[in-house]
Each structure stands twice: as C-alpha cells, then as structure tokens.
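For reference, the structure is listed below as structure tokens.
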Amino acid sequence: MVDEVKAEGKGRRVLWQDSESLAFLSSGRKERKDFHIDPSDEVTLQLSGVQNLVYIDSEGKQQTAVIKAGQMLLCPGGVPHSPRVEENSWFIVFERKRKSGEQDYFTWYCDNCGEKIYHVAVEVGDYRQDPVSQVHQRFYDDERLRTCTKCGHTMPVPPP
Ligand SMILES: [Fe+2]
C-alpha cells in the first residue's frame, strides 16, 4: 500500500474513519515543527524508516521518542507532540474519531528564541479533508503568523 500512496504522489491516506476509530498511513511532513495536542490517544506503528517523536513532558521539557521500523508507540491524549521524520519514513497512526465539538490544538514555537508564536484550536472533522494540512497552509501562507513578536525571526516555509 505504501507504494500505491507513493505512486499517487501523496504523503498520506486515510485507511478508515468508522465507528470509534480512525487510522491513516503517512510519511510525515518535511521539517515539521509544530506540536499537535490531540484529545485522543495516538498509537503509531512505524513501518519503515525512523520517526523522532518530539514531545513535551509533564514538566514542560522537550523529550524525543525514537520509533524504528517494526516498533509501536502510544502518545497519550493531551501530550503535545511533533513527529519529525527521517528519509523513507512510513507509519500508521491510530486515533479515536473525535466527538462533535472536540478540539485539537496546534502550536508553533520560535526557532530562534522559543517563544510561542502561533496557537490554534480546530475541530478536525473529516480526516479525509486533511485538516492538518489546512492548519499548516494557513500558518505558512501568512508571514505575520510565523514571525516572532519577541525576536522578529520569521519561520521559513518547509520544502514541498
Ligand atoms: Fe523569537
């Protein structure tokens, strides 16, 4: 299936979104920097390559969980996490389908000084509409949103 999704030129595909759960296959995003706060648990099954899941622990410190091919990791609901992938990283993520009105959050911190520069709440709704890409597009399309008010650094747009 990875080959099929690669052939489509896409980096992800929703496998199902039914009953109480959803699952998607993904190759991650290049130079991903935002932290996602999901109200539901997320279970990652790494199929190939390596994923460095950077997360913020209960004391506010950044930690990294390295997930290698064949390994699984549970990221509990509410833990801010940022999947940073290496070459040829493919993985499946299992999540709970969100309830109506439930919100996910996305936060970017300044590369230069660490200040929180953008924080947004979204109802992700239908995963097939790729809500995460929509949030990323809004952020990267607007230079004001990605410019730090504390130090003036502008976050660069990641490669396509
Ligand atoms: Fe800054």
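The values are calculated or read from the model by the stated rules, or taken from the named source; none is laboratory data. Remember, it's a predicted structure, so these values are computed and weren't measured experimentally. All Cβ positions, even for glycine, are placed from backbone atoms using ideal geometry, and neighbour counts span all protein chains on display. All accessible areas refer to the heavy atoms of the entire protein, side chains included, with ligands and DNA or RNA removed. Shrake-Rupley method; radii C 1.70, N 1.55, O 1.52, S 1.80 Å.
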From VAL2, VAL66, VAL14, which residue is without any contact (Cβ under 8 Å) to a residue 40 or more places away in the chain and among the hydrophobic types (A, V, I, L, M, F, W, C)?
VAL66
Being open to solvent by 30 Å² or more (accessible area, probe 1.4 Å) and in a strand (DSSP E or B) is the filter here; which residues of the range 119-150 pass it?
HIS119, ALA121, THR147
I'm checking my understanding of the structure. Among residues of the range 151-160 that are open to solvent by less than 100 Å² (accessible area, probe 1.4 Å) and not β-branched (Val, Ile, Thr), which one is farthest from the ligand (Cβ to nearest atom)?
PRO159
Does the range 15-37 contain any residue that is more than 19 Å from VAL124 (Cβ to Cβ) and part of a strand (DSSP E or B)?
no
Residue that is farthest from the ligand (Cβ to nearest atom), among those in the range 111-124 that are touching a Ser or Thr at 6+ places or on another chain (Cβ under 9 Å) and of a type outside the set (Phe, Trp, Tyr)
GLU123
Of all residues in the range 48-96, how many are among the hydroxyl-bearing types (Ser, Thr, Tyr), within 12 Å of the chain's Cα centre (by Cα) and more than 22 Å from ARG128 (Cα to Cα)?
1
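Just to be sure before I move on: is TYR127 touching a residue at least 60 places away in the same chain (Cβ under 8 Å), away from the ligand (no atom under 16 Å from the Cβ) and of a type in the set (Phe, Trp, Tyr) in the structure I sent? Spell out the reasoning first.
Numbers: touching a residue at least 60 places away in the same chain (Cβ under 8 Å): yes; away from the ligand (no atom under 16 Å from the Cβ): yes; of a type in the set (Phe, Trp, Tyr): yes.
Judged against the criteria, TYR127 is a match.
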Unique match (being at pLDDT below 95, surrounded by 15 or more Cβ atoms within 10 Å (Cβ to Cβ) and aliphatic (A, V, I, L, M)) among VAL5, VAL50, VAL14, VAL54:
VAL5
Could you go through the range 89-104 and let me know if any residue there is within 16 Å of the ligand (Cβ to nearest atom) and over 26 Å from LYS10 (Cα atoms).
no
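Can you name the residue in the range 59-78 that is in contact with an Asp or Glu (Cβ under 8 Å, 6 or more places away or on another chain) and farther than 18 Å from PHE24 by Cβ and, of all such residues, is least open to solvent (accessible area, probe 1.4 Å)?
Going residue by residue through the range 59-78, those that are in contact with an Asp or Glu (Cβ under 8 Å, 6 or more places away or on another chain) are 63, 74-78.
This time we only want the ones that are farther than 18 Å from PHE24 by Cβ, so: 63, 76, 78.
Numbers: GLN63: 70, PRO76: 63, GLY78: 45 Å².
That would be GLY78.
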